[in-house]
Amino acid sequence: MQIANKQLKDFIIDSGLISSGVIEENFNEALSENKKLGDLLMEKSLISEIDLKKLYSYILGIPFVNLEKEVIANEILHIIPEPIAKKYGIVAFEKEGNNLKVAMQNPEDLQTIDFIRKKTGLKIVPCLTSEDNIKIVLKQYEKSLKAEFGDIISKDSESVSSSDSEDDLEKIAQDLPVIRIVDTLIKHAILQSASDIHIEPDEKEIRVRYRIDGILHDAMTLPHQVMGGLIARIKVLSNLKLDEHRLPQDGRFKIEKDGYKISFRVSILPVFEGEKIVMRLLDETSKGLTLEKMGLFGDALEKVHQNIKRPNGMILVTGPTGSGKTTTLYTIMDILNTREVNISTVEDPVEYRMPRVNQTQVNPKIGMTFAAALRSLLRQDPDIIMVGEIRDGETMQIAIEAAMTGHLVLSTLHTNSAAGTLPRLLDMGAEAFLVASTVNVIVAQRLVRKLCNDCKVPYNFEEKDIKNLQESFEMTKALEILKKSPQLKGIVDAKSTWKNIQFYRAKGCDQCSEEGYHGRQGIYEVLEMNEKIGKSITSNASADEIEKSAREDGMQKMYEDGFVKAAMGVTSIEEVLRVTKE
């Protein structure tokens, strides 16, 4: 909001909220640091956000509303769809005739007001509110959705019939109750930012679970009689065979509405009690991910950027299933995706569609394996090749040959550490001198959950905590890394010890659904090939010896990167231990 620092200073002095001496001192500081006076006062806890917004409202002549204890009627709340409310920080709270009162953080955002006016066809009356007020109201969408889901299940599940014939199944799949159940289940998953939906039949009920930030949570149970209709509806959406119940099936579908575009990858597997469904949600609107946002920084980031700019060689990303390897490869491809290069991929399955990238789907049933697709792809004049995963010796051999003949090859491998990747390639039948000359850099990674900023609790290590960690980690070396880390400047200094560095624990609040965590970030170790490591490979050195050489060259281990992020307050030590313990 365009409120000048001097104007705000004068109003605060008039209101008597802060003494004139204190406000003058902060006004001069804001001036010298080119900051907004309001932000500086909030940072120093000299004024609450509510009081500041009330002042803004008085200056702008726009009413201020406090919605902390307001329960907004569903029909008014849902005039603005939840994804739009979340994206633009605007919520509807009152309607009188053709007038819709909306609360927002920036009532001068005329573009958003005009957008809502066109979408609703109503006259918009903007009011000012705080960020916390917006968050509280956004939670009401979730509560109303849960209530709506309960109503749908209780009203509609009894009216769902079951059958095995294809014609009847198709009819059931088009029934309104089944459509509403599936739509609401999907809507609920999107609202909770779930990455996967698991629908699992038991003897007497159906269990639905959502994977949120890498952890599975029970979401709801459904009556067993809706199972047939539920499976039929998802099969119709995914264009799968309705009457096939004995063999696994894979399909996909897409949903575009309310400002989001989600692609669903569907896997159906026969189990003892029927068929289990797992749907992977891929958000196609979340573009603009960078290596920095994913958690790579400092020397590790520099090494990756240097090596992806080379015209040939191999970039390998390693880690277990679900550690974000494919996302890292897609982000690298996004950086390299310019008009001057031809990028081709071989994937199983194709996860995200990328413009100007030629993506090939593997299909082993008809002989379209990774190796066969990669062999054909080399005749397509590619500059950059992405192989979804090196699973066998043949694929690995072709990938190495492609890296030798002037192509940049990106791929993933299942190993526990960066150093362990090199002996793994030799085990698959690669020649040691070829591995040494073609591999540019190896990125090993895991995903840790990010602490919720609203409720994380600071604490310091006790003697017993340090002793426990010393059993598994080189704590002296890790402390040196924390002291040298540019990200911890001002947090950790040369005199710091493990006892006086502040870390954070998860607590749980309304903003993170009582989990204590919200979102995920990567922790990494980046091994760059050099002459010394090359010699270790050709002399058949073990993973430990290769790692020792890389450490001498400055490589940080994954848990050390995790400790840095824990000291920054991004994640907790418990999370780092959870994903790095072997």
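The values are calculated or read from the model by the stated rules, or taken from the named source; none is laboratory data. Predicted model only: the values in this text are computed from it and were never measured. When we count neighbours, we look across all protein chains shown, and the Cβ atoms used for this are built from the backbone with ideal geometry, even at glycine. In case anyone asks, the SASA skips ligands and DNA or RNA and just uses the protein heavy atoms, side chains included. Shrake-Rupley method; radii C 1.70, N 1.55, O 1.52, S 1.80 Å.
Report the number of Lys pairs in the stretch 231-344 whose alpha-carbons are under 20 Å apart, with separation of 8 or more residues or on distinct chains.
For the stretch 231-344, the number of qualifying lysine pairs is 14.
Given a 1.4 Å probe, how much area per residue of the stretch 17-118 is accessible, in Å²? Numbers along the way, then the final one.
Values: 5700 Å² over 102 residues.
Here the residues of the stretch 17-118 average 56 Å² of exposed surface.
With all protein chains present, calculate the accessible area of His518 using a 1.4 Å probe and round the result to the nearest 10 Å².
Answer for His518: close to 120 Å² accessible.
So, taking all protein chains as they sit and a 1.4 Å probe, how much accessible area belongs to Lys532, in Å² rounded to tens?
100
For Glu96 and Gln306, calculate 0.36 nm times their separation in residues minus their Cα-Cα distance, and state this gained length in nm to one decimal. Don't skip to the end; give the middle numbers.
Working: separation 210, 0.36 × 210 = 75.60 nm, distance 5.99 nm.
The Glu96-Gln306 span can extend by a further 69.6 nm.
State to the nearest 20 debye the size of the charge dipole of the stretch 243-373 about its Cα centre, where the only charges are +1 on K and R beta carbons and -1 on D and E beta carbons.
Values: 18 positive and 17 negative charges, 64 e Å.
Roughly 300 debye for the stretch 243-373.
As I understand it, the dipole of the chain uses +1 on the Cβ of Lys and Arg and -1 on the Cβ of Asp and Glu, about the Cα centre. Which of Ser15, Ser130, Ile277 lies farthest toward its positive end?
Positive-most Cα among the choices belongs to Ser15.
For Arg578, what accessible surface area do you get with a 1.4 Å probe? Give it in Å², rounded to 10.
Here the residue's solvent-accessible area equals roughly 90 Å².
Summing +1 for each Lys or Arg and -1 for each Asp or Glu, what net charge is found among the other residues whose Cβ lies under 9 Å from the Cβ of Gly519?
+2
Taking the C-alpha atoms of the stretch 39-138, how large are the radius of gyration and the largest Cα-Cα span, Dmax, in Å?
13.5, 43
May I ask what percent, to the nearest 5, of DSSP beta bridges between residues of the stretch 324-385 are antiparallel?
On the way: 1 of 8 bridges.
Antiparallel: roughly 10 percent of the beta bridges in the stretch 324-385.
Over the alpha-carbon set of the stretch 516-577, work out the extent along each principal axis and list the three values in angstrom, largest first.
Each principal axis gives a Cα extent; for the stretch 516-577 these are 48, 16, 16 Å.
When the Karplus curve 6.51 cos²θ - 1.76 cosθ + 1.60 is applied with θ = phi - 60°, which whole-Hz ³J(HN,Hα) does each residue of the stretch 273-284 get, with x for Gly and Pro?
Per-residue couplings from phi come out as 8, x, 10, 9, 10, 10, 10, 8, 9, 10, 7, 7 Hz.
Determine the dipole magnitude for the chain: charges of +1 sit on the beta-carbon of Lys and Arg, -1 on that of Asp and Glu, nothing else is charged, the reference point is the Cα centre, and the result goes in debye to the nearest 20. All intermediate terms of the calculation are to be shown ahead of the outcome.
Values: 76 positive and 89 negative charges, 171 e Å.
Charge dipole of the chain: 820 debye, to the nearest 20.
So what's Rg/Rh here for the chain, counting alpha carbon atoms and using the Kirkwood radius for Rh?
Numbers: Rg = 27.7 Å, Rh = 27.6 Å.
My calculation puts Rg/Rh at 1.01.
Given Cα positions, please report Rg to Rh for the stretch 1-86, the hydrodynamic radius being the Kirkwood one.
Numbers: Rg = 16.2 Å, Rh = 14.8 Å.
Computed over Cα atoms, the ratio is 1.10.
Under unit Cβ charges (Lys, Arg +1; Asp, Glu -1), what dipole magnitude, rounded to 20 debye, does the stretch 334-439 have relative to its Cα centre? Present the calculation step by step, with values, prior to reporting the outcome.
On the way: 8 positive and 13 negative charges, 42 e Å.
With only Lys, Arg, Asp and Glu charged at Cβ, the dipole is about 200 debye.
How many percent of DSSP beta bridges within the chain run antiparallel, rounded to 5? Intermediate results must be reported in sequence, preceding the final value.
Working: 58 of 89 bridges.
Percent antiparallel among DSSP bridges in the chain is about 65.
Ignoring ligands, DNA and RNA, what accessible area per residue does the stretch 364-410 give at 1.4 Å, in Å²?
Numbers: 2190 Å² over 47 residues.
Here the per-residue accessible area is 46 Å².
So, with a 1.4 angstrom probe, what is the percent of accessible area on the stretch 342-500 that is carbon and sulfur? Mind showing how you got there, number by number?
Details: 3630 of 7650 Å².
Heavy-atom surface of the stretch 342-500 belonging to carbon and sulfur, 1.4 Å probe: 47 percent.
Return the percentage of antiparallel bridges among DSSP beta bridges fully within the stretch 276-397, rounded to the nearest 5 %.
On the way: 1 of 10 bridges.
If I count the DSSP bridges inside the stretch 276-397, around 10 percent turn out antiparallel.
State the percentage of accessible surface on the stretch 1-148 attributable to carbon and sulfur atoms; use a 1.4 Å probe and exclude ligands, DNA and RNA.
Ligands and nucleic acids excluded, carbon and sulfur reach 49 percent.
Report, by chain and number, residues whose modeled amide H sits under 5 Å from the one on Glu515, excluding near sequence neighbours (fewer than 5 apart, same chain).
It is Cys509, by chain and number.
Need one number: convex hull volume per residue for the stretch 237-293, Cα atoms only, in Å³.
Values: hull volume 6.7 nm³, N = 57.
Roughly 117 Å³ of hull volume per residue.
All other residues with a Cβ under 14 Å from the Cβ of His305 taken together, and with Lys, Arg as +1 and Asp, Glu as -1, what is their net charge?
Values: positive: Lys303, Lys309, Arg310; negative: Glu292, Asp299, Glu302, Asp334, Glu528.
Net charge around His305: -2.
How large is log10 of I(q)/I(0) for the stretch 347-462 at q = 0.09, 0.17, 0.21, 0.23 Å⁻¹ when the intensity is taken from the Debye formula with one equal scatterer per alpha-carbon?
Relative scattering, expressed as log10 I(q)/I(0), comes to -0.34, -0.89, -1.27, -1.46.
How large is Rg/Rh for the stretch 469-582, to two decimals, with Cα atoms and a Kirkwood Rh?
On the Cα set of the stretch 469-582, Rg over Rh gives 1.04.
Compute all pairwise cysteine Cβ distances in the chain, then list the cysteines with no distance under 4.7 Å to another cysteine.
Cys127
When N is the residue count of the stretch 181-276, what does its C-alpha Rg come to as a fraction of 2.2 N^0.38 Å?
Working: Rg = 13.1 Å, N = 96, 2.2 N^0.38 = 12.5 Å.
Working it through for the stretch 181-276, the quotient is 1.05.
Using θ = phi - 60° and the Karplus relation 6.51 cos²θ - 1.76 cosθ + 1.60, list the HN-Hα couplings for the stretch 450-465 in order, rounded to whole Hz, with x at every Gly or Pro.
8, 5, 6, 5, 7, 9, 4, 10, x, 7, 10, 5, 9, 4, 5, 4
Rounded to whole Å, give me the distance from the Cα center of the stretch 190-258 to that of the stretch 392-431.
About 36 Å separates the Cα centre of the stretch 190-258 from the one of the stretch 392-431.
Cα centroids of the stretch 265-332 and the stretch 24-66: how far apart, whole angstrom?
If we compute the Cα centre of each part, the gap is 41 Å.
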